[in-house]
1. Any residue that is in contact with a helix residue (DSSP H, G or I) (Cβ under 7 Å, 6 or more places away or on another chain), surrounded by 13 or more Cβ atoms within 10 Å (Cβ to Cβ) and modelled with pLDDT of 90 or more - is there at least one of those in region 9-25?
2. Of 78, 29, 55, which residue is more than 21 Å from residue 98 (Cβ to Cβ), in contact with a helix residue (DSSP H, G or I) (Cβ under 9 Å, 6 or more places away or on another chain) and modelled with pLDDT of 90 or more?
3. Are there any helices (runs of 4 or more DSSP H) wholly within region 67-123 with 2 or more residues that are without any contact (Cβ under 8 Å) to a residue 12 or more places away in the chain and within 24 Å of residue 38 (Cβ to Cβ), and if so which?
4. For a quick check of your reading of the model, give me the residue pairs whose first member lies in region 36-65 and is under 18 Å from residue 111 (Cα atoms), whose second is surrounded by fewer than 11 Cβ atoms within 10 Å (Cβ to Cβ), with beta-carbon atoms closer than 9 Å and at least 6 apart or on different chains.
5. Can you work out which of the residues in region 128-151 that are assigned to a helix (DSSP H, G or I), more than 14 Å from the chain's Cα centre (by Cα) and touching a residue at least 40 places away in the same chain (Cβ under 8 Å) is farthest from residue 52 (Cα to Cα)?
């Protein structure tokens, strides 16, 4: 499979440096609005994840305080912010985490849903503030992220 033919148009580089995505402002806005409405997205995100994929809940048997889930979500959010801006590491991190999570018995098809789980949770938290512009930005972001989830072999995406 030729990874270049499947690369979304907004997965781009300029002279070897990533440019901010055209939807970066709307993604940032959505997180700012969520922060005003919700102190901690973690329980909401994982409640949705476990409702959609109950087979994943036993993987967190040691996380009695929620700190592991919180740290994982914080890393996801940090990766999203890097991905929509400088893209210094996020695309490679995502590829590595697909492989790492497979070792934790998280199938790649379940790993692939997590960014969408975050987006759906954000949509619920924002309610009426979830605008068409924000929705479009998240749709594009999820498409771009999925490219790296579906292509964990970095040799296939070196030019992406």
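1. yes
2. Numbers: 78 fails: more than 21 Å from residue 98 (Cβ to Cβ); 55 fails: more than 21 Å from residue 98 (Cβ to Cβ).
On inspection, the qualifying residue turns out to be 29.
3. 67-84
4. Note: pairs meeting the criteria are 59/104.
5. Within region 128-151, the match that is farthest from residue 52 (Cα to Cα) is 133.
The values are calculated or read from the model by the stated rules, or taken from the named source; none is laboratory data. Since the model is a prediction, treat every value here as computed from it, not as a measurement. Don't worry about glycine lacking a Cβ; one is built from the backbone with ideal geometry, like all the others, and counts go over all protein chains shown.
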